[in-house]
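Read-outs throughout are calculated quantities, based only on the coordinates presented, and are distinct from any laboratory measurement. Every value quoted in this text rests on a predicted model; they were computed, and no experiment measured them. Backbone-built Cβ (ideal geometry, glycine too); neighbour counts: all protein chains shown.
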Amino acid sequence: MEDQLKNCAVRLFDVNAVKFGNFVTKAGLQTPVYFDLRVIVSHPSLMVSSFHMRARIFLGYGIHHWQKFQKALSSLLWNLSENSGGATQLCGVPYTALPLATLISVEADMPMLIRRKEVKSYGTKKLIEGEFKEGEICVIVEDVVTTGSSILETAKDLLNEGLKVQEAIVILDREQGGKNNLKINGIRMRSLYTLSSFMGYLLEARKVTLPVVESVSSYLKRTHVPSLSGNDEKSLNRLQLRFEERAKLTKNRAAAKLLDLMSTKETTLCLAVDLIDTDAILELANMAGPHIAVLKTHVDAIENFTSEFPKALRELAEKHNFLIMEDRKFADIGNTVSLQYRNGIYKIANWADFVTAHTLPGYGIIAGLKDGLEGISADRGIFLVTEMSCQGALTLGDYVKSSVVLSKSSNLVAGLVCQANVFADPGLVQLTPGVRLTETTDTLGQRYNTPHSVVHAGADLVVVGRGVTEARDKRSAIVEYKSKLWQAYVERTSS
């Protein structure tokens, strides 16, 4: 196996999978050496397992080719696993490890699961694809480990589906703390290479010089990643933490107030009063007030708005202890947003505890809203629209990731509007719209999920609109939604 490891290390160098210079890792660390193992998909003989090579011999490729590459990356990786007898599933971390996991699956005749980067917006809306049973053991396959966060994220999604994760097999351990982070979280990691051993093989093959090896060694001694244990990094168990605990971790004072309020009132219900008459809105707000955490408005849809309306709404909010969200969905440049927020006939900044905003304009949207709060001392917060609940929405993939990154840029951000557990920070609140007691869609493409499904998908604050406003007995509907949502939250935090 030692000879095969040396051979593969040289091959990886030859196909430019390892680069030297000044780079930044996913964890944000400066590094003099970077591994880009995505290139291996263009070199089948580097990935291919003994099973596939035997097939190539049968097809006439020649015995000399088989002897040279009989133990390529996929076979070497699977030889690492001590859990192969107990494991019944494989899962490759997307995307580089997927082809390797596929080859191992074929060679070992073991079923494979695919973890999506994001939940599908259509069809079954699954995050984990494949057939499996609760309690099965799954081995995770990864290419390079620095912090171990990608493996932990994959393991979390597998655990949420009832699978067990005890082991991860990887090509290269950068020796910067990832192995220990995984160990703390109950996952044993085995790697083909450490960064030190890999550099040793390259030096032996005269692919690099001794000064290069020494510079990498010096870098490793002075650079390590922070711990990602369940105790040190609360974000790893956001869904298990109770609201009163998370209130102490948030950087936004309005979000802290909301989390404490939800805990005290035992409600996660956000009532969307998408009505066009102020009297009707105030009547419903007074009825729902004792049972809701937030009342959500679309003030620009009201036909008889006057400056007295927000005053009356705030009086009800204080009477029944709920907060107000204006679902404005700001989406313009900073200067325009600032004017829209505090000026005009609505003067939203004066009375709404929370507003929503699209992330398309980037940080300017937050800067504009912050500017609009000049002179206002009341606690305010923004919910960034990260995903939408309508069919065919374009808020997918990199857009979602960029929105999550943007949420970390300002203490004014209270949470994100999304359909799934796309962020880890326990100090942020997940707001999820599109909820009915049964799954359905309307004629305009709005998709509805059940209270249980959205809460277990990460929702903290849940929006219900027409499920209440169109109900014959609105009071009973409000109480039923409140009860079912709180029950799902208790189940989630008790699991």
Inset, instruction - Taking a cut-off of 13 Å between Cα atoms, list the aspartates and glutamates near residue 474, but don't count ones fewer than 8 places away on the same chain. - result: 283
Legend entry - Principal-axis tilt of helix 278-288 within the chain, Cα atoms, nearest 10 degrees: 70 degrees
Legend entry - Spacing of the two label points (7 Å from each Cα toward its C-beta) at residue 36 and residue 251, in nm: 3.2 nm
Inset, instruction - At 7 Å along the Cα-to-beta-carbon direction for both residue 183 and residue 116, put a label point, then send me their distance in nm to one decimal. - result: 3.7 nm
Inset, instruction - Convert each backbone phi in segment 476-491 into a coupling constant with the Karplus relation 6.51 cos²θ - 1.76 cosθ + 1.60 (shift: θ = phi - 60°), then list the ³J(HN,Hα) values in order as whole Hz, x for Gly and Pro. - result: 5, 5, 4, 5, 5, 4, 4, 5, 5, 5, 5, 4, 5, 5, 4, 4
Inset, instruction - Over the chain, consider all pairs of different Cα atoms and compute the Kirkwood hydrodynamic radius from their mean reciprocal separation; express it in Å, one decimal. - result: 25.1 Å
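Can you tell me which of 211-218, 102-109 comes out highest on packing, and rank the rest after it, using the mean Cβ neighbours within 10 Å?
Packing proxy ranking, top to bottom: 102-109, 211-218.
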Legend entry - Antiparallel %, DSSP beta bridges [both residues in the chain], to 5: 15 percent
Inset, instruction - Find the all-direction average of the projected area of the Cα convex hull for segment 305-433, expressing the result in square nanometres with one decimal place. - result: 8.4 nm²
Inset, instruction - Relative to the compact-globule scaling 2.2 N^0.38 Å, provide the ratio for the alpha-carbon radius of gyration of segment 174-322. - result: 1.88
Legend entry - Restraint check, 126/156; 370/401; 401/482; 370/408; 207/401, Cα-Cα greater than 26 Å: 401/482; 207/401
Inset, instruction - Amide H neighbours of residue 419 under 5 Å, at least 5 residues apart or on other chains, H built in the peptide plane: list them. - result: 387
Inset, instruction - Pop out the ³J(HN,Hα) list for segment 267-276 in order, Karplus 6.51 cos²θ - 1.76 cosθ + 1.60 with θ = phi - 60°, rounded to Hz; leave Gly and Pro as x. - result: 8, 10, 7, 10, 8, 8, 9, 7, 10, 10
Legend entry - Acute angle (nearest 10 degrees) that the helix 363-372 long axis makes with the longest principal axis of the chain, alpha-carbon atoms: 30 degrees
Legend entry - Normalised contact order of segment 240-494, rounded percent, pairs of Cα under 8 Å and 6 or more residues apart: 20 percent
Inset, instruction - Quick one: dipole size for the chain, taken about the Cα centre, charges +1 on Lys/Arg Cβ and -1 on Asp/Glu Cβ, in debye to the nearest 20. - result: 1000 debye
Inset, instruction - Starting from the amide H of residue 143, placed 1.01 Å from N in the peptide plane, find each other amide H under 5 Å away whose residue is 5 or more places distant or on another chain. - result: 97, 171
Legend entry - Expected 222 nm ellipticity per residue - DSSP helices of 4 or more, -39500 (n - 2.57), all of the chain, to 500: -11500 deg cm²/dmol
Legend entry - Percentage relative contact order, segment 143-281, counting C-alpha pairs under 8 Å, at least six apart: 18 percent
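Please express the shape of segment 240-494 as an equivalent ellipsoid: the semi-axes are the square roots of 5 times the eigenvalues of the C-alpha gyration tensor, given largest first in whole angstrom.
Values: eigenvalues 115, 101, 68 Å².
So the three semi-axes of segment 240-494 are 24, 22, 18 Å.
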